[in-house]
Amino acid sequence: MSAVASRSGAVAVLLPPSGLGGSLRRIAALVLRYTYLLRSSGIRLIELIYWPFLQMLTWGFLQRYLAGTTSPLAQAAGVLIGGVLLWDILFRSKIGFSTTFIEEMWSRNLGNLLTSPLRPFELVAALSVWSVLRLAVSMIPVAVAAYFFFGFNLLDLGAALVAFFALLVLTSWSLGLLSAGVILRYGLGAEELAWSLAFILLPLSCVYYPVSVLPDWLQPVALALPPTHVFEGMRSILLHGVFDVNELWWALGLNAIYLTVGYLAFRWFLQSAKVNGTLVQLGE
Amino acid sequence: MDERVTTSQDLAETVPVAETIPVAVKDLTKVYGTVTAVNDITFSLKPRSTVALLGGNGAGKTTTIAMLLGLVVPTSGEVRVFGADMARNRYQVAQRINFQSPYVDLPMRLTVRQNLTVYAGLYGVANQAERIAFLAEDLQIEGLLDRPTGKLSAGQKTRVGLAKALLNSPELLLLDEPTASLDPDTADWVRQKLKDYANSRGATILFASHNMAEVERLADRVILLDAGRILEDDTPSVLIEAYDRETLEEVFLDVVRGRAQRGERDGAGQARKAS
């Protein structure tokens, strides 16, 4: 090494690690890592679109069939397919967050990351940013296909769509944080949780039916979930043309609580993994 | 970019002299349930020293290194790296440290260049391209830069892992079994590179190993661990002389099997030498 010590690059020139600049650089580095990963596999890219596309087709055809029946609700434009697309925003974002995290464990890279200057909140921020980018890759082509196949234009939801999108993504991050924390603490044996956690919300958050369908005792549980308010809001627009701002505020407030709890749970599981030595065992 | 660019040397100079001891471990204990992995150990490393943590399987080497890295929280005791308490302020010094272990991989699907670029970003290396080019040439991985990391042989992966560990020109390099599963030729090459790096950078190296030849070749001090305790802490030559043995391996076997204690064999050794 000494023979080339005078060359540029012989010693690293380091940028200050602290402050916003340092954090943004590390988040960008990690997002770059995930971009490289996606680019490295065409199959992954296709898979991102494959499942939501199938979902959209299945529910779209069902909607078309029901539209021919006498049910007035079924004939209301886009309720089912809108539910599918919005649910997929939540589900795909959650999967994007969780699988990207699990990827670090599959590749036995977590030890390298957690010994680098990367802070836990920067890891979470990178996973969050990436889940949105991955979601865009996944959902934009499917939303376009929904328009061409079934004439459903997601943009008909107007400005509310942006709010719905943001609120569902926030919920997905809470779930992602929780499952990442559990996997961190209990290892890949808990991986199933990452795949199944979002499904717990499916019957309770009233994706395809109104809250009033649920038994009285279950309705408060459903209303305590942020996505319920998003789907109620969506139905309000599509069925009655009314944009219910109250539903959005409820969803936002609940998301703030869930996201805080999710992040604290992640930090708690991370600390617990350090106490129990799980992070070392993950490598070995 | 208007941020002040600084070298790791500059960073070192901003830390008070009293805090520049690379590693100070005090009364360190780690208990997992009913198993005591590390049992009340105390040691410190001098700047620019190369120290081996020597011990058999389950001696506590990996746990000790993991506590130094902040991957494991001690049950009791204290770990300070460049003066920073690793349980609370790891990020103050994380940029000045790096680590390599055969039990931790770089992402397999990424090319070597992509992996090094990502880690250069994480460590805040401003001269990324130059640094990667320099390390690629120095560690003879230029031809591997655009190959997926998962397609490399064990020896090639070790060299790439070493490049990652040296990206930020660390002042403290922690290595867990740096030549595990390497053929003798590659292992020797890696040891020479580590030696060169320590000399040229003035870095401190702490490595865990149960390869005695490696320890004798690299270390100017040996901390011998058994069942989580420090049994010996001295230079290899002093230990060999104190136990009146020919090699460090013989010393190691004496110590961990409880066959002899320091100085006990002096009489027998003298008699053998006289005969």
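Test A:Leu170 against the criterion of being under 30 Å from A:Glu104 (Cβ atoms), in contact (Cβ under 8 Å) with a residue 24 or more places away in the chain and touching a Pro at 6+ places or on another chain (Cβ under 9 Å), and give yes or no.
So A:Leu170 fits the description; yes.
Could you tell me which of the residues B:Ala129, B:Ala154 is surrounded by fewer than 24 Cβ atoms within 10 Å (Cβ to Cβ), more than 7 Å from chain A (Cβ to nearest Cβ) and under 22 Å from B:Arg201 (Cα atoms)?
Unique residue meeting the criteria: B:Ala129.
Being at the interface with chain A (Cβ under 7 Å from one of its Cβ atoms) and either of a type in the set (Gly, Ala, Ser) or not in a helix (DSSP H, G or I) (or both) is the filter here, so list the residues in region B:116-126 that pass it.
Within region B:116-126, B:Gly121, B:Tyr123, B:Gly124, B:Val125, B:Ala126 qualify.
Taking A:Glu122 as meeting all but one of (1) touching a residue at least 40 places away in the same chain (Cβ under 8 Å); (2) closer than 27 Å to A:Val245 by Cβ; (3) charged (D, E, K, R), write down the number of the exception.
Going through the list (1) touching a residue at least 40 places away in the same chain (Cβ under 8 Å); (2) closer than 27 Å to A:Val245 by Cβ; (3) charged (D, E, K, R), A:Glu122 breaks only (2).
Can you tell me which of B:Asp196, B:Asp234 is without any contact (Cβ under 8 Å) to a residue 24 or more places away in the chain, surrounded by fewer than 19 Cβ atoms within 10 Å (Cβ to Cβ) and closer than 27 Å to A:Ala10 by Cα?
B:Asp196
Looking only at region A:212-244, count every residue that is hydrophobic (A, V, I, L, M, F, W, C), part of a helix (DSSP H, G or I) and within 23 Å of the chain's Cα centre (by Cα) and tell me the total.
The total comes to 6.
Within the bounds of region A:236-250, is there any residue that is more than 14 Å from chain B (Cβ to nearest Cβ), of a type outside the set (Lys, Arg), within 24 Å of B:Tyr103 (Cα to Cα) and surrounded by fewer than 23 Cβ atoms within 10 Å (Cβ to Cβ)?
no
Please list, ordered by residue number, the helices (runs of 4 or more DSSP H) wholly in region B:151-264 having 3 or more residues that are over 16 Å from the mean Cα position of the chain (by Cα), under 20 Å from B:Ala59 (Cα atoms) and acidic (Asp, Glu).
B:248-256
Using the structure shown, decide if A:Thr115 is among the polar types (S, T, N, Q) and farther than 30 Å from A:Leu14 by Cβ.
no
Looking at B:Val104, B:Val5 in this structure, which one is touching a strand residue (DSSP E or B) at 6+ places or on another chain (Cβ under 9 Å), exposed (fewer than 14 other Cβ atoms within 10 Å of the Cβ) and at pLDDT below 90?
Just one listed residue meets the conditions, B:Val5.
Of all residues in region A:156-181, which are modelled with pLDDT under 90 and either of a type in the set (Lys, Arg) or buried (at least 18 other Cβ atoms within 10 Å of the Cβ) (or both)?
Residues satisfying the conditions are A:Leu157, A:Ala160, A:Leu161, A:Ala163, A:Phe164, A:Phe165.
List every residue pair whose Cβ atoms lie under 6 Å apart, where the two residues are 6 or more positions apart in sequence or sit on different chains, the first residue falls within region B:20-32 and is within 14 Å of chain A (Cβ to nearest Cβ) and in a strand (DSSP E or B), and the second residue, located anywhere, is surrounded by fewer than 14 Cβ atoms within 10 Å (Cβ to Cβ) and at pLDDT 95 or above.
B:Thr29/B:Ser76
So how many residues does region A:180-198 have that are in contact (Cβ under 8 Å) with a residue 60 or more places away in the chain and assigned to a helix (DSSP H, G or I)?
Of the residues in region A:180-198, 13 are in contact (Cβ under 8 Å) with a residue 60 or more places away in the chain and assigned to a helix (DSSP H, G or I).
Taking only pairs six or more apart or across chains, which ones have beta-carbon atoms under 6 Å, a first residue in region B:120-143 that is in contact (Cβ under 8 Å) with a residue 40 or more places away in the chain, and a second residue that is assigned to a loop (DSSP other than H, G, I, E, B) and of a type in the set (Asp, Glu)?
Listed pairs, sorted by first residue: none to list.
What helices (runs of 4 or more DSSP H) lie completely within region A:1-119 and have 1 or more residues being modelled with pLDDT of 80 or more and among the aliphatic types (A, V, I, L, M)?
Correct list: A:19-39, A:42-67, A:79-106, A:110-114.
Kindly check whether there is at least one residue in region A:269-281 that is more than 14 Å from chain B (Cβ to nearest Cβ), modelled with pLDDT under 95, within 22 Å of the chain's Cα centre (by Cα) and part of a helix (DSSP H, G or I).
Checking region A:269-281: not a single residue is more than 14 Å from chain B (Cβ to nearest Cβ), modelled with pLDDT under 95, within 22 Å of the chain's Cα centre (by Cα) and part of a helix (DSSP H, G or I).
Only one of B:Asp105, B:Asp138 is at the interface with another protein chain (Cβ under 7 Å from one of its Cβ atoms), under 21 Å from the mean Cα position of the chain (by Cα) and more than 24 Å from B:Leu71 (Cβ to Cβ). Can you tell me which?
One residue alone meets the criteria, B:Asp138.
The values are calculated or read from the model by the stated rules, or taken from the named source; none is laboratory data. Just so it is clear, the model here is predicted, and its values are computed rather than measured. Don't worry about glycine lacking a Cβ; one is built from the backbone with ideal geometry, like all the others, and counts go over all protein chains shown.
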